[in-house]
Structure formats: structure tokens, C-alpha cells
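Please read the structure below before turning to the comments.
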Number of protein chains: 2
Amino acid sequence: MRDDRIETGLREALSLAETGAPPRLAAALWHSVFPGGARLRPRLALAAAAACGNRHPALALGSAVAIELLHCASLVHDDLPCFDNGQVRRGRPSVQAAFGEALAVLAGDALIVLAFETLARSGVRSPSRMVELIGLVGRAVGMPGGITAGQAWECEPFVELSEYHRAKTGVLFAAATAAGGAAGGGDAGAWWLLGERLGEAYQVADDIRDVAADPAELGKPVGRDKVLGRRSAVAELGLEGALDRFDALLGEAAAAIPACPGRAALETLIVAESRRFVPKTVARVAA
Amino acid sequence: MRDDRIETGLREALSLAETGAPPRLAAALWHSVFPGGARLRPRLALAAAAACGNRHPALALGSAVAIELLHCASLVHDDLPCFDNGQVRRGRPSVQAAFGEALAVLAGDALIVLAFETLARSGVRSPSRMVELIGLVGRAVGMPGGITAGQAWECEPFVELSEYHRAKTGVLFAAATAAGGAAGGGDAGAWWLLGERLGEAYQVADDIRDVAADPAELGKPVGRDKVLGRRSAVAELGLEGALDRFDALLGEAAAAIPACPGRAALETLIVAESRRFVPKTVARVAA
């Protein structure tokens, strides 16, 4: 399921950031990005671009790489002591555990910058489309409604669950399908909802994994939501209710795929992939 | 000396980030940016653009605003407990003192994103020049040699002083003159050195202010370099040696202004402005 274009694109971006750099920060960047997780967001971006006809392949790959770098940045900052104080990530020490807090802050900052540089560079031949995609990706990570805002809602006294999930996770998936669709030749607005629903489904699945997964399989400790007093679909709806919600969101996602040459293949891919979101022990037989 | 275009541009950028945002993070962004300091970097960008003939005024302003947002982001993150643990900034509580560490991390992140969004948006009419400027600004703040890298050099066991100063401060001034010059119609490469020298001069002046300024005038505590065991031009060269170095860098800066219609006016402006870098009590009579 690994896509070599994504791994190569990420490696190229990090290599450009490396020559003459402070060695420990450079090492922290590699640690943040490799080995990766499932690379769901960039693969979704490339799948959307392919389904549309892949009009601007360099821009599709640039967007995919940028979105994955931003996702990695968010994980590095989420693991800081002032947030989750995560010690383990993807089965090994988190960046802050391995390199310390200062380098974890800087690694996140540098990855955000690198993401926008990568995206801009990939759009030299289609600059006006690239400007659109920078706006779109910026909207997904920044203020007022991106993942930074989603994290900040945890510092507010009151927050509605779906609003928070949308901002926290859904929006980067939404940027992935919208950017991929637009780079492929489609309309960004039409491709936004698919990713948003998938992202919400993924967040619900993440809440389910937090109570039902095997820590070795997950690569990080379980039961953290309860320990940290965080809002979670399982706490709110119960395990069965959360599984219902997951199924409903997947159905909405499939229905949201815009008309395009590769619609049927994309739907098959999404259903197959999303089976892996929830642990086998609690998963229902997928349609 | 205040430039209303810059204040208005910054206000517009923050306003776009505000509607529907988590209120405390939105407040932390305003606190990070207003009231500002001397706005040296964006004024330098606009001055370079004007000296060149101001070919792309929207892009010049977008670059100026983006660079100031990135400067503010760097101050917010520099004040975190894992770096300087700064409690006071510009005469009032730092962002982390006023809003806590988590919102300070997020405010810095959101400002970085907002900077690139602002720059991209300002270049819709001159997209290929804008792509160049995103690369240039990214180089100044990211890896391998931007301010993020400059901060990371403090985590390395060995570092050469001028290398560190260049990365830490010089480079954002360099981006200001290069971006301004390019947005004005000049060549970015030719305009880089001027800002780099001014930035190094400013950093030396900052080291001088840390030992010689009145804390009330400075808006933050003095003597911090020594307390924090930081490298400083004064520690390295003595106060007289640091003043010599400051004068030499200013001379190099003036000599580095590229040929352009407004060269003479720009040189006058730079000499006048830079007199204010060092405290009156130790300043020599400027030429």
C-alpha cells in the first residue's frame, strides 16, 4: 500500500532542508517524518488527483507531500509536554522524548515552513492553481478553522464535539481531497466534503482504537483520552454508538465523491482502506 | 515612523483568521502582533520596494506583512519555557505568560501559516514572482539556514558566532530587503546582502542593549544573555569591540545597496534608522 512517489517526495523535501543545517534539528526532522504511519492523507490526495485525470501531477505530489509534512508537524507539537506529553509515537520515542522539547518545537516549526516551500515549488508551472492550493492548505492547518484551531479548542471551556472533530482532524483530510482534486483538474470546493467526512470517520475510529486497540499494533499507549480527560466519540456515544457513527460517516463520504472519470475505482479504494481504521476485534463486517 | 500600510495589512491578516476561531487563540494572535515593536523588517521591505520603483505594490506589502508575522511567531516561540522562558515582551506579559504555554505554541504555529497564506494571496496577480518570494521567505525562516535553524544552533555543542548571528537574525532582514527589492522590480539576489548586514548589525546592537540599556526603554529585562549563558558579541568582543563591529557592519550595509532609482534616499533612511539601534548612553556620534 506504500506509495513510492510520496516517500521519495518527502525524502527530497527533507534533503533540501539538510545541507549546512544544525545536525540535531536535521535529525529531528527525519525522525518526525520517517518511518511514517499509513500516509493516509497524501495517498488520498494522489487518489483524488488520479480520479480526476491528473492534470497537474507535480502540484498533486507537492500538495500531498506538503499535507503529510504538516500532519507530521502537528504530531510533533501535539506530543509536547504542554499538550499530550507523548513519549511514544509510531512505536518509538516521540521527537520530544528523543531530542528534547526545544528541538521538538523547532522541528514542528521547520516542517510547517518546509510544507509551504514544497507546495510553492511544485506549482511553478501552474502558479495560479498553486496560489489556490496554498490558501486551501493554509485554511486546513491555520486559523480560524484548521488543525491549530482544533487543538486550541481544547483550551476553551465549552466546545461542541463535531465542531472540534472537524477542525482537529477532518480538515486536513478535506484539504487532501480538495487539493488532490484541484491538482487533478477538478474543483476544490466539490472535493472538500469527501475528505471532511473521511477525516471525521478517522477521528471516531481513533477514539475507538484508544479504548479497543492493542498498544503494540497502535504504536502508542491506549486509554489516553480518559487519562487526559479529552472529549471522545466513545465517551460521548458509547462503543456501539461510535461504531454506528463511523459507518454513517463512511456512507456519507462515499456519497460525497464528485462525478469524475475514476469515481468507481476511488470508492472501492476508500471502502477497502477504511476497513483498516478500526481494530479487527470490534470491527463489523464491512459491506 | 509608523507606516499605516503595515499596521493595516497586519490587522487585515489577523481579521481573516478570526471569524469562528477559538477565542483565546484569536486573542493570543492579536497579543503577539499588536502593539508591535519598531516593525523594522517590514519597513525595510517597503523601503527596498520603493527604492526599486515599486513594480508590484500588493506583493511588496504582502511580503512585508508576512515577514513581520514570522518575526512575531519567532518571538512567541522564543519566549517559551524551553527556550528563554521570557515573561515580559514589549513592556507587557509575553504570550506564554498571558495565555499559557499551549496557546503560545499554537499562536506561533498559526502565525507561520498565516504568513504564507498572506504572501500567497498578495501575489495572485504576479504569481511567478510570488513563488520566488515564498521560496526566499521560507529560506529565511526554515531549514537549513533560517531563524529556526539559528535557534537550533543553540542546542548544538559548537557554533561559530557570525554563522549563528547570520542564521538567527540576519536572515530575516535579508529576506526583507530581498523580497522588497524583488517585489519592487529588482533582483532578489542583489538585495539579499544589504539586509543580511543590517540584520547582523541589529543582532550586535541587541547584544549591546542587553548590557547597556534601560529595561523600561527596552520593554524587557536586561542582562539575559549572561543569565542564560548565551553567546553574545559583547561577551566575545567586549563593549568597545562590539561597537566597532556594529559600525563596520553598517558601513558594509550601506555599500551593499544595489544601484536603483532610490539608492541615495534609502541610504539616508538606513543611517538615520540605525542610530536608534544602540542605547544613547553608549552610542558614538554617527556619521
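Computed quantities for the displayed model
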read-out	value
Per-residue [θ]222 nm for chain A (sum of -39500 (n - 2.57) over DSSP H runs n ≥ 4, rounded to 500)	-21500 deg cm²/dmol
Relative exposure of A:V159, A:V95, judged by other C-beta atoms within 10 Å (fewest first)	A:V159, A:V95
Using a 7 Å Cα-to-Cβ projection, B:F158 label spacings across copies, nm, ascending	6.0
Ascending list, in nanometres, of distances separating the A:A264 label from those of the other copies (7 Å, Cα toward Cβ)	7.6
Contact order relative to length of chain B, as percent, for alpha carbon pairs under 8 angstrom and 6 or more apart	19 percent
At most 11 other Cβ within 10 Å, DSSP loop - chymotrypsin sites (Phe, Trp or Tyr not before Pro), the stretch B:198-287	none
Trypsin sites (Lys or Arg not before Pro) lying in DSSP loop within the stretch A:94-144, provided at most 16 other Cβ fall within 10 Å	A:R125
For A:G91, residues with placed amide H under 5 Å, excluding near neighbours	A:K220
Relative exposure of A:E196, B:E68, judged by other C-beta atoms within 10 Å (fewest first)	A:E196, B:E68
Filtered GluC sites (Glu not before Pro), the stretch B:217-262: DSSP coil and at most 10 other beta carbons within 10 Å	none
Shape call, the protein assembly as shown: gyration tensor on alpha carbons, a/c limit 1.5	prolate
For A:D210, A:D225, order by how many other beta-carbon atoms lie within 10 Å, fewest first	A:D225, A:D210
Highest to lowest packing among B:185-193, A:144-152, scored as the average C-beta count within 10 Å	A:144-152, B:185-193
Net dipole in debye of the stretch A:60-191 [+1 Lys, Arg Cβ; -1 Asp, Glu Cβ; about Cα centre; nearest 20]	500 debye
Sum of side-chain charges, A:L16 neighbourhood, beta-carbon under 14 Å (Lys, Arg +1; Asp, Glu -1)	0
Charge sum, other residues only, whose C-beta stays under 14 Å from A:R39's C-beta, Lys/Arg counted +1 and Asp/Glu -1	+2
Candidate lysines for bridging to B:K226, where Cα separation is under 25 Å - those fewer than 8 sequence places away on the same chain excluded	B:K168, B:K280
Extreme residue, positive dipole direction of chain B, given options B:A174, B:W30, B:A152 (C-beta unit charges)	B:W30
Label-point separation in nm, A:V271 to B:A248, each point 7 Å along Cα→Cβ	7.3 nm
For the protein assembly as shown, size of Cβ-based charge dipole, Lys and Arg +1, Asp and Glu -1, in debye	740 debye
Ascending list, in nanometres, of distances separating the B:G37 label from those of the other copies (7 Å, Cα toward Cβ)	3.7
Estimated dipole of chain B in Debye, rounded to 20 [Cβ of Lys and Arg +1, of Asp and Glu -1, Cα centre]	680 debye
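Rule-based calculations on the coordinates, nothing more; no lab input. These figures come from a predicted structure and were not determined experimentally. FYI the Cβ positions are ideal-geometry reconstructions off the backbone, even for glycines, and counts take in every protein chain you see.
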